[in-house]
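Student: My questions all concern the structure below.
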Amino acid sequence: MAAYTDVIFDFCDVLVDWRPRIPLEGQYPPGVIDMFFDRADEYGFWHYDELSDLGWSEERILADYEEHHGPAVAWVFRIYFERQRLALAGMLPGMEALLRDLDAAGVRCWGLTNFTVKYVEAAREQFPALSLLRDVVVSSAERIHKPDPEIYRRAIARFDVNPATTAFVDDKSYNAAAATEVGLHGIQFTGADDLRKLLLP
């Protein structure tokens with residue numbers, strides 16, 4: 001018997017194996033890729049990845065990135081955007097089967113992700129099991145992201161779920177904790193096997 005009537009899933013590192021280095025591998029030397037993904041860079045990839053999740057367009061990101069890094073380095077970001085679907089490396093082990101088993105058990109499955117609409121659509125095209133998600137709230141469309149409590153409230157309202165019988169699964173502990181604060185059952189993802197024990201005991 002299922003433990004919850006509804007389960008809301010994060011995408012990256014829960015359902016989907018997202019590896020952002022892959023689009024640049026073979027295009028640039030490893031040192032250039034390391035520089036591009038350097039978390040110490042105040043105006044580096046991770047800064048703009050967050051702004052992308054908040055609704056910034058690719059062209060706006062490229063223009064702003066070029067202001068800080070110059071046109072030659074900005075071209076690396078352009079190549080990343082052109083090849084970014086390659087970063088969707090697959091579904092995480094065991095998650096396709098878990099989605100199908102939850103659906104078969106009558107559990108309604110949903111998505112809530114800090115991602116772009118374009119990326120979510122690409123993932124759903126690439127991985128048919130994601131069609132089992134009845135709807136997805138995407139941060140870039142909402143212009144807010146987790147762990148802002150408002151995005152959880154919007155998901156609850158849009159999906160018309162009862163928080164008391166709904167689990168939210170995220171790989172980041174603070175996002176799971178924020179879900180619990182608004183009444184959902186926040187679960188930090190550590191792997192499909194552990195999650196299965198919690199959702200289908």
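Just so it is clear, none of the values below were taken in a lab; they were calculated from the coordinates. From a predicted model like this one, the values you see are computed outputs, not experimental measurements. FYI the Cβ positions are ideal-geometry reconstructions off the backbone, even for glycines, and counts take in every protein chain you see.
Student: Fully extended, how many nm does the chain gain between Arg21 and Lys197 (0.36 nm per residue separation, minus their Cα-Cα distance)?
Tutor: Gain in length upon complete extension: 60.1 nm.
Student: For the pair Thr190 and Trp46, what calculated FRET efficiency results from E = 1/(1 + (r/R0)^6), where r is the Cβ-Cβ distance and R0 = 25 Å, to the nearest 0.05?
Tutor: Efficiency for this residue pair is about 0.60.
Student: I would also like to ask the following. Once phi is turned into ³J(HN,Hα) by the Karplus curve 6.51 cos²θ - 1.76 cosθ + 1.60 with θ = phi - 60°, what whole-Hz value does each residue of the range 195-201 show in order, with x for glycine and proline?
Tutor: Calculated HN-Hα couplings, in order: 5, 4, 4, 7, 8, 10, x Hz.
Student: Continuing with this model, one more query. Using Cα-Cα distances under 8 Å and only pairs 6 or more residues apart, what relative contact order does the chain have, in percent?
Tutor: 30 percent
Student: What distance in nm separates the simple spin-label points at Arg85 and Arg153, each placed 7 Å from Cα in the Cβ direction?
Tutor: Taking the two extended label points, one gets 3.8 nm.
Student: Which of Glu58, Glu67, Glu50 moves most in a GNM of the chain, Cα contacts under 10 Å?
Tutor: It is Glu67.
Student: Further, regarding this structure: Bin by bin, in steps of 5 Å, what percent of the Cα pairs in the range 22-87 do you find, going until the bin that has the longest distance?
Tutor: For the range 22-87, the pair-distance distribution reads 3, 17, 30, 30, 15, 3, 0.
Student: Sticking with this structure for a sec: Would you work out the charge dipole size for the range 1-63 about its Cα centre, treating the Cβ of every Lys and Arg as +1 and the Cβ of every Asp and Glu as -1, and quote it to the nearest 20 debye?
Tutor: 120 debye
Student: Moving on. In which sequence would Lys172, Lys146 go, from the one with the fewest C-beta neighbours within 10 Å to the one with the most?
Tutor: Sorted ascending by nearby Cβ count, the order is Lys172, Lys146.
Student: Now a separate question. Please tell me the relative contact order of the range 22-87 in percent, rounded to the nearest whole number, where contacts are Cα pairs under 8 Å and at least six residues apart.
Tutor: Here the relative contact order equals 43 percent.
Student: Of Ile187, Ile156, Ile79, which is the most mobile in a GNM of the chain whose springs link Cα atoms less than 10 angstrom apart?
Tutor: Comparing Ile187, Ile156, Ile79 in the GNM, the peak value goes to Ile79.
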